[in-house]
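> Before I ask anything, here is the structure I am working with.
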Amino acid sequence: MALVAENLEVIRKDKLILDGVSISVFPGEVTAVIGPNGAGKSTLLTAISGVEKNLTGLVTLDGVDIKKVSPVELARRRAVMAQENSIVFDFSVEEILLMGWIRDAFGRSPLAMEKIVQIANSCGITELLSRSFLTLSGGEKQRVQFCRALVQLWRPQEDKTSRYLLLDEPSASLDVSYELSLLKLMVETSRRDTGVLVILHDLNLASYFADSICLVNQGKIEAYGKPHEVMEPKLLTDVYRSPIRVERQNDRLYIYTY
Amino acid sequence: MTPRDTSHFSRSYRSLGFFLLTLLLMVVFGFALSKGAVPLSIIAIFDGSASSLETTVFNHLRAPRVVLSGIVGASLAVSGAVLQGLFRNPLADPGLIGVSGGAALGAVAMIVFGSSLALPETITPYSMPMAAILGAMVVTLFLYSFSAYYGQFSVVTVLLAGIAINALSTVGIGVFQYLSDDAQLRTLVFWMMGSFGRANWITVLPSAVVMLVGIVILILHSRQLDRLQLGEAEAFYLGVKVNRLKRVIILVSAVCVGAGVALSGIIGFVGLVVPHLVRLTLGVSHSILLFGSALVGASLMISADLVSRIAIIPAELPVGLVTSALGAPFFLWLIARARD
């Protein structure tokens, strides 16, 4: 069981954005994607999500080609948090979260409201529920979108089917404390039969929270493996074109980018 | 749009709102049935004490007219709301963005060329609504692909493209006017003024059924329309069959607008004003918005038609004049508000 991408190639306007990328996301694990700006990280994420149309290669969800999975079934199994949303109308945060509740065809069931309040509470956004989404700060919006993805993947305890959570820089506008609690929540979620693929810029956080790391550069995978295998100073220095040092203390990696 | 705190929109507040709107519609409906060039007592009609003239006026003129105006109002308001949702643009109104113009062009083409098509007699009464629906559909489809390709649905792109389409339909209608003979020209001019005056049950019933079915279909897509507000990709992530949803919205809103235009000419601004009022007072979630827009649209259009009937008895104002007189200042106010 896994969300597997094999040999992905994406071409946009005659430019090769992804060039033969293969990656696997396993339930119970966090896979971090790192790499310089414009490396193709977000394209990799959208390609795996099933939304990208100009794609060669194969993406399978527990062995089934995702092109053959209906959008509804796909939505039950994987949630995506994109980098930004352009919402025009004045929805409340509660209404935004309710959009993530895909288990009932119509309206707000008592179960939906109960779970939304519960998940919002675990994300620490209870006090935002009745606010207008448009009045939130960038960081608050990001926490709401993360919460929406968790609402989408909610299922009863006894349901052990694998789920997948794809996150594109989920903590980009968060302060250090919110960033930490979001990433901890992400790891907790992964331990409940959920495979997480997360794009991160902070190399220290990536090596601390991820079970495996995929370093992408110019549409290709440069390195893919356990954090201590990927976080090689020479490799990172080459890829980022900036001096990077790595220290190891008590099995923890400390990466210095200055 | 200026964001605001929506916390006071509790469920009981919304229930009260819907109760009041339903009450309003019933009051307006009853009032419009009884007022006009011939004042009628509804009680007298139903207990049989009305004169035969009054009964005839009620059955053949007043009742179909009020019913038609209500349904066209609801249909235009709901179409406006779903087009705004589809384009993610609060200023999309079927009239402003050219959908009504496309419908009008289709209808006019049928008035002028319909006879030379030699259609079977059974479908002749429906040929003009069909042509109008086709015109509305072509415009919506074009606008959607154009603004998706060139402007990421920016407010300005959609409105400017709408101006261009409206200009083109005016050209087309002008050409057809030039090509038409005297009888056709008369039909055409009367039709274009926009009025519910020619309502009779034979034309009202089928169109009313079609528009009601359309409104119900659109309301059933409320949750998917909500999700579309997050963006097309996000809607797909949440399990929405985005292309299917877009096709349904374009097709059904075109049917609603086209059927309305075919029966009563171009009536502007209802699709803009009504959804805005509902969003401000009840909320933006589509299940609330569409249902509320149907109620308010019907009330507003019945009232506008009542004004057009009784303002200058025995003559009539075109109802499009009344709605535009209300709607155009409202539109200016919206623009001013968006600039704040």
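> Using the alpha-carbon centroid of each, what span in Å lies between region B:200-260 and region A:155-205?
Measuring centre to centre over Cα atoms gives 36 Å.
> Which residues' amide hydrogens lie under 5 Å from the amide hydrogen of A:Ile244, considering only partners 5 or more residues apart or on another chain, with H built in the peptide plane?
Residues meeting the amide H criterion: A:Thr237.
> Whole-Hz Karplus ³J(HN,Hα) for region A:135-143, in order, using 6.51 cos²θ - 1.76 cosθ + 1.60 and θ = phi - 60°, x for Gly and Pro?
Per-residue couplings from phi come out as 8, 6, 6, x, x, 5, 4, 5, 5 Hz.
> Another question, then. Count the DSSP beta bridges whose two residues both fall in the protein assembly as shown, then state the antiparallel fraction as a percent rounded to the nearest 5. Before the final figure, lay out the partial values.
Working: 27 of 45 bridges.
Counting DSSP beta bridges with both partners in the protein assembly as shown, the antiparallel share is about 60 percent.
> Averaged over all directions, how much area does the convex hull of the C-alpha atoms of region B:70-200 cover when projected, in nm²? Please list the in-between numbers first.
Working: hull surface 34.5 nm².
If I average the Cα hull's projected area over directions, I get 8.6 nm².
> Further question on the same structure: Can you list residues whose amide H is under 5 Å from A:Val216's amide H, if they're 5+ apart or on another chain and H is modeled 1.01 Å from N?
So A:Val216 has HN proximity to A:Ile34, A:Gly35, A:Glu222.
> Still on this structure: Taking the convex hull of the alpha carbon atoms in the protein assembly as shown, what volume per residue do you get, in Å³?
185 Å³
> Provide the packing ranking of A:213-221, A:124-132, i.e. peptides ordered by the mean count of other C-beta atoms within 10 Å per residue, highest first.
Working: A:213-221: 21.2, A:124-132: 16.8.
Descending mean neighbour count gives A:213-221, A:124-132.
> Using packing as a proxy for protection, rank A:77-87, A:247-257, B:127-137 so that the peptide with the highest average count of other Cβ atoms within 10 Å comes first.
Details: A:77-87: 20.0, A:247-257: 11.3, B:127-137: 24.4.
For the peptides A:77-87, A:247-257, B:127-137, the packing ranking is B:127-137, A:77-87, A:247-257.
> Could you run the Karplus curve 6.51 cos²θ - 1.76 cosθ + 1.60 with θ = phi - 60° over region A:157-166 and give me ³J(HN,Hα) per residue in whole Hz, x for Gly and Pro?
3, 6, 7, 9, 4, 6, 10, 9, 10, 10
> Here's something else I'd like to know. Just going by the charge dipole of region B:11-339, with Lys and Arg at +1 and Asp and Glu at -1 on Cβ, which of B:Leu91, B:Gly73, B:Leu230 is farthest out on the positive end?
B:Leu230
> Compute the whole-percent fraction of alpha carbon pairs in region B:174-300 spaced more than 20 Å apart. Each step should come with its number before you reach the end.
On the way: 4453 of 8001 pairs.
Counting pairs separated by more than 20 Å, the tail of P(r) holds 56 percent.
> Follow-up. According to a simple spin-label model (label point 7 Å from Cα along Cα-to-Cβ), what is the distance in nm between A:Asp65 and A:Ser130?
Going by the 7 Å Cα→Cβ label model, 5.2 nm.
> For the protein assembly as shown, just give the cysteines left without a disulfide-compatible partner, judged by no other Cys Cβ under 4.7 Å.
When partners are defined as cysteine Cβ atoms under 4.7 Å apart, the protein assembly as shown leaves A:Cys214, B:Cys256 without one.
> Per residue of A:47-54, how many C-beta atoms from partner chains lie within 10 Å of its own C-beta, taken as a mean?
Values: counts 0, 0, 3, 3, 7, 1, 0, 0.
What the average comes to for A:47-54 is 2.
> Then there is this: Using the eigenvalues of the Cα gyration tensor, what equivalent ellipsoid semi-axes result for region B:236-339 when each is taken as the square root of five times the eigenvalue, whole Å, largest first?
Values: eigenvalues 171, 66, 30 Å².
Working through the eigenvalues yields semi-axes of 29, 18, 12 Å.
> Per residue of region B:63-69, in order, report the coupling 6.51 cos²θ - 1.76 cosθ + 1.60 (Karplus, θ = phi - 60°) as ³J(HN,Hα) in whole Hz, putting x for Gly and Pro.
Couplings: 4, x, 5, 5, 4, 4, 4 Hz.
> Mind listing the long-range amide H neighbours of A:Leu165? Cut-off is under 5 Å, sequence gap 5 or more, other chains count too, H placed in the peptide plane at 1.01 Å from N.
Excluding prolines and chain starts, which carry no amide H, the hits are A:Ala79, A:Gly195, A:Val196, A:Leu197.
> Next question. For A:Tyr258 and A:Arg108 in one chain, what is 0.36 nm times their gap in residues minus the Cα-Cα distance, to one decimal in nm?
On the way: separation 150, 0.36 × 150 = 54.00 nm, distance 5.04 nm.
Roughly 49.0 nm would be gained on extension.
> On to the next question. If eta is 1.567 mPa s and T is 4 °C, what Stokes-Einstein diffusion coefficient results for region A:89-178, Kirkwood Rh from Cα pairs, in µm²/s? Could you put the intermediate results ahead of the total?
On the way: Rh = 13.7 Å.
Using the Kirkwood radius from Cα pairs, D works out to 94 µm²/s.
> Compute the Rg to Rh ratio over chain A from the alpha carbon atoms, using the Kirkwood formula for Rh, and round to two decimal places.
Numbers: Rg = 18.4 Å, Rh = 19.0 Å.
Taking Rg over the Kirkwood Rh, I get 0.97.
> If you add up the charges near B:Val38, with Lys and Arg at +1 and Asp and Glu at -1, over every other residue whose beta carbon is less than 11 angstrom from its beta carbon, what do you get? Spell out each step's value before the answer.
Working: positive: B:Lys35, B:Arg62, B:Arg309; negative: B:Glu54.
That works out to +2.
> Quick check on region A:84-125: what does the Kirkwood estimate of hydrodynamic radius come out to from the alpha carbon pairs, in Å? Display every interim value, and only then the final one.
Working: mean 1/r = 0.0890 Å⁻¹.
Every distinct Cα pair counted, the radius reaches 11.2 Å.
> Filter A:Lys41/A:Lys220; A:Lys184/A:Lys234; A:Lys15/A:Lys53; A:Lys53/B:Lys241; A:Lys160/A:Lys226; A:Lys13/A:Lys53 down to the pairs with a C-alpha to C-alpha distance above 18 Å, please. Can you show the working numbers first?
Values: A:Lys41/A:Lys220 10 Å; A:Lys184/A:Lys234 29 Å; A:Lys15/A:Lys53 15 Å; A:Lys53/B:Lys241 14 Å; A:Lys160/A:Lys226 26 Å; A:Lys13/A:Lys53 14 Å.
As for pairs spanning more than 18 Å Cα to Cα, those are A:Lys184/A:Lys234; A:Lys160/A:Lys226.
> Report the relative contact order of chain A, percent, no decimals, based on alpha-carbon pairs under 8 angstrom and at least 6 residues apart. Display every interim value, and only then the final one.
Values: 461 pairs, mean separation 71.6, N = 258.
The value is 28 percent.
> Sorting check: for B:195-201, B:89-95, A:148-154, which peptide has the highest mean count of neighbouring beta carbons within 10 Å, and how do the rest follow?
Values: B:195-201: 18.9, B:89-95: 25.7, A:148-154: 23.3.
The packing order, highest mean first, is B:89-95, A:148-154, B:195-201.
> If you build a Gaussian network model of chain A, linking Cα atoms that sit under 10 Å apart, which residue out of A:Arg241, A:Arg108, A:Arg192 swings the most?
A:Arg241
> Could you work out the pair-distance distribution P(r) of region B:1-105 from its alpha-carbon pairs, with 5 angstrom bin width and percents rounded to whole numbers?
Going out from 0 Å in 5 Å bins, region B:1-105 shows 2, 10, 13, 13, 14, 14, 12, 9, 7, 4, 1, 0 percent.
> Taking Cα pairs under 8 Å and at least six residues apart, what relative contact order does region A:1-131 come out at, in percent?
Details: 128 pairs, mean separation 28.4, N = 131.
Result for region A:1-131 is 22 percent.
> How many angstrom separate the Cα center of region A:209-251 from the Cα center of region A:1-45?
Centre-to-centre distance over Cα atoms comes out at 16 Å.
> Then there's this: Pick out, from B:Pro275, B:Val27, B:Ala208, the residue whose Cα sits farthest towards the positive end of the charge dipole of region B:11-339, with +1 on the Cβ of Lys and Arg and -1 on the Cβ of Asp and Glu.
B:Pro275
> Next question. Let me confirm one metric for peptide B:227-233, namely the mean number of other chain beta-carbon atoms within 10 Å of its residues' beta-carbons. Let's see the in-between values first.
Numbers: counts 5, 1, 10, 10, 5, 1, 8.
That average works out to 6.
> Per the Debye formula with a single identical scatterer at each Cα and no solvent contribution, what log10 I(q)/I(0) holds for region B:11-339 at q = 0.11, 0.13 Å⁻¹?
With no solvent term, the Cα-only Debye profile gives -0.69, -0.96.
A short reminder: the numbers here are calculations on the coordinates, not readings from a lab. These numbers come from a predicted model, not from an experiment. For neighbour counting, all protein chains shown are included, and Cβ atoms are generated from backbone atoms with ideal geometry for every residue, glycine included.
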